[in-house]
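The values are calculated or read from the model by the stated rules, or taken from the named source; none is laboratory data. In this text the structure is predicted, and so the values were computed from the model without any measurement. For neighbour counting, all protein chains shown are included, and Cβ atoms are generated from backbone atoms with ideal geometry for every residue, glycine included. Surface accessibility is based on the protein's heavy atoms, side chains included, excluding ligands, DNA and RNA. Shrake-Rupley method; radii C 1.70, N 1.55, O 1.52, S 1.80 Å.
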Amino acid sequence: MKLTCAKIGLSVEVKQELLDELYKTGMKYYPKEFGGLLIGYYSEDFKTCFIETTILPKKYKSSRYFFEREKEGLKLNLTKFYNSIPRLIYVGEWHTHPDGIPSPSGTDINAMIEIGESDDVNIENPLLLILGINPSKMDVGAYVYSKNKLLRYE
């Protein structure tokens with residue numbers, strides 16, 4: 001799947017196999033929300049992000065309408081990825097909306113602003129994938145943080 005945010009000239013690509021894996025993972029926790037980190041790399045011109053895999057949190061808080069991952073163990077896993085495949089880095093977040101639509105809530109928007117403004121995040125435009133899931137289907141919404149706003153990829 002390739003999507004573009006024409007407003008700022010950025011694209012994102014994610015393989016269907018990874019989306020299927022995220023759906024299966026989300027369904028293990030259904031009907032609660034679940035998610036993790038997105039790991040990938042950028043094209044040489046930094047206009048396209050290629051999402052390759054995910055890192056799942058060891059600790060998190062979750063309910064039907066809420067997901068918050070904790071940071072414990074994530075830095076170590078990110079370092080392992082970087083040491084084994086240096087081009088792979090943290091590029092954003094993903095989570096599910098069980099029986100919902102893949103649109104960001106106010107909490108999602110605030111979380112992405114916090115991530116985008118964090119000194120610990122070394123990318124300019126973190127991504128957010130939201131999967132609207134139920135037992136029979138998945139809808140995907142993809143967003144990019146830019147200048148205190150969350151913009152949709154189409």
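If the condition is being assigned to a loop (DSSP other than H, G, I, E, B) and within 20 Å of residue 32 (Cβ to Cβ), then segment 82-129 contributes 99, 100, 101, 102, 103, 104, 105. Residues in segment 94-104 that are open to solvent by 20 Å² or more (accessible area, probe 1.4 Å), more than 14 Å from residue 144 (Cα to Cα) and not hydrophobic (A, V, I, L, M, F, W, C): 97, 99, 100. For residue 89, the requirement of being open to solvent by 50 Å² or more (accessible area, probe 1.4 Å), touching a residue at least 12 places away in the same chain (Cβ under 8 Å) and closer than 21 Å to residue 142 by Cβ is met. One residue stands out in segment 139-154 among those that are open to solvent by 60 Å² or more (accessible area, probe 1.4 Å) and touching a residue at least 40 places away in the same chain (Cβ under 8 Å): the one that is farthest from residue 93 (Cα to Cα), namely 154. Among the residues of segment 32-72, the ones that are of a type in the set (Gly, Ala, Ser) and surrounded by 13 or more Cβ atoms within 10 Å (Cβ to Cβ) come to 4 in all. When you look at residue 42, is it out of contact with any helix residue (DSSP H, G or I) (no Cβ under 6 Å at 6 or more places or on another chain), aromatic (Phe, Trp, Tyr) and within 15 Å of residue 91 (Cα to Cα), yes or no? Answer is yes for this residue.
Pull up segment 107-125, narrow it to residues that are open to solvent by 30 Å² or more (accessible area, probe 1.4 Å) and among the charged types (D, E, K, R), then point me to the one that is nearest to residue 45 (Cα to Cα). Ranking the candidates gives 124 first.
Name the residues in segment 73-83 that are more than 18 Å from residue 126 (Cβ to Cβ), open to solvent by 80 Å² or more (accessible area, probe 1.4 Å) and of a type outside the set (Lys, Arg), would you? Within segment 73-83, 76, 83 meet the criteria.
Looking at segment 130-154, which of the residues that are charged (D, E, K, R), more than 13 Å from residue 97 (Cα to Cα) and in a strand (DSSP E or B) is modelled with the lowest pLDDT? Going through the qualifying residues, I end up with 149.
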